[in-house]
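Q: Supplied in structure tokens, the structure appears directly below.
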Amino acid sequence: MSTNVLAGIDGSKHTTCVCDYAAWAAQRLSASLVLLNVLPKPEPTLLYNMGATASLNAQDKIQAELADLDKKRAELASERSKLILSQASQHVQQAGYSAPRTISREGRLVDVLEQYDDYADLVVLGRRGNNEDDNPERLGGHVEQVIRTTDKPLLLTDGDYAQPKRIMIAFDGSDTTRKGLEYIASSPLFTGLECHVVMVAGASEEKQTQLEAARQRLEDAGLQATAALLQGEVKQNLLAYQEKQNIDLMVMGAYGHSRIRLWLLGSITNLMLQESHKPMLVLR
């Protein structure tokens, strides 16, 4: 069965970064790279007759002109999508990677990605899209929706591309983070990278044992692993460790230990997405 990395791009300034991380991941996974651009589904412009005295002929004429404009907008949107995909494909190839497959689809991003859930082994998206501002603490409206709907690993990019050399997994002993640890241990995506397993919790023999077992699992998989047990406020400790150790890529679970499915994200993951400026791999 073929392996596919699916990168969602929208032509914004974040597109280049998404393409770079997706191409890097596809090469390490020996996977095919697929670039996806989703066009909003067009809604026809309607003109309602609000009074009996209105001229039906005038209304019909305006409605026909509006229909022509809607058609032209749809044609331009399709041409723009082709241009976005073509430019992104050229960028990937100029960076030395194989030519990607390109797909243009119409609809909502979250719905289109759901259709590719069995097709993609890894999904790559920017944390902000074409219509979001540049506030570093504001996530794109698509992020939480996609995390809720996809079961695939989701790589969320931010800022400029930097080839990952050091990764950090925020480990709390939950089923989600244990699965994340196994993913790191078994995936060629992380081969040769320096791995940091970080737990923020009260110092105890139980926590130290869990952390050491996690570190040993990565070493048994042939990875260089470092473990750290930190005390204090979780978010600040994770951010500080990330900065001090020059971490290139964060790995976190979409849900915390409680796994309360009514919440969009585990609170710490949500805060790290908002405040960390490093790419993050979110796992379910």
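The values are calculated or read from the model by the stated rules, or taken from the named source; none is laboratory data. Predicted model, so just to flag it, every value in this text is computed and none were measured. So basically every Cβ, Gly included, is an ideal-geometry build from the backbone, and we count neighbours across all protein chains shown. Keep in mind that these areas ignore ligands, DNA and RNA; they rest on the heavy atoms of the full protein, side chains included. Shrake-Rupley method; radii C 1.70, N 1.55, O 1.52, S 1.80 Å.
Q: Being open to solvent by 20 Å² or more (accessible area, probe 1.4 Å) and in contact with a Gly (Cβ under 8 Å, 6 or more places away or on another chain) is the filter here, so list the residues in region 180-195 that pass it.
A: Passing the criteria: only Thr191.
Q: Can you pull out the residues in region 147-188 that are farther than 16 Å from Gln274 by Cα and within 13 Å of the chain's Cα centre (by Cα)?
A: Result: Arg148, Thr149, Thr150, Asp151, Lys152, Pro153.
Q: Which condition from (1) in contact (Cβ under 8 Å) with a residue 60 or more places away in the chain; (2) in contact with a strand residue (DSSP E or B) (Cβ under 7 Å, 6 or more places away or on another chain); (3) open to solvent by 50 Å² or more (accessible area, probe 1.4 Å) is the one that Ala203 breaks?
A: Of (1) in contact (Cβ under 8 Å) with a residue 60 or more places away in the chain; (2) in contact with a strand residue (DSSP E or B) (Cβ under 7 Å, 6 or more places away or on another chain); (3) open to solvent by 50 Å² or more (accessible area, probe 1.4 Å), only one is false for Ala203: (1).
Q: Does Gln208 fit the bill of being among the polar types (S, T, N, Q), open to solvent by 20 Å² or more (accessible area, probe 1.4 Å), closer than 23 Å to Trp24 by Cα and touching a strand residue (DSSP E or B) at 6+ places or on another chain (Cβ under 9 Å)? Steps first, answer last, please.
A: Working: among the polar types (S, T, N, Q): yes; open to solvent by 20 Å² or more (accessible area, probe 1.4 Å): yes; closer than 23 Å to Trp24 by Cα: no; touching a strand residue (DSSP E or B) at 6+ places or on another chain (Cβ under 9 Å): yes.
So Gln208 fails the test.
Q: Okay, next question. Would you mind telling me which numbered condition in (1) at pLDDT 95 or above; (2) under 29 Å from Gln163 (Cβ atoms); (3) not aliphatic (A, V, I, L, M) Lys82 fails?
A: (2)
Q: Only one of Asp151, Asp121, Asp160 is open to solvent by 50 Å² or more (accessible area, probe 1.4 Å) and at pLDDT below 90. Can you tell me which?
A: Asp151
Q: Across region 235-251, what is the total count of residues that are acidic (Asp, Glu) and touching a residue at least 12 places away in the same chain (Cβ under 8 Å)?
A: Matching residues across region 235-251 total 1.
Q: While we're here: Are any of the residues in region 251-265 in a strand (DSSP E or B), at pLDDT below 90 and closer than 17 Å to Pro164 by Cα?
A: Within region 251-265, one or more residues are in a strand (DSSP E or B), at pLDDT below 90 and closer than 17 Å to Pro164 by Cα.
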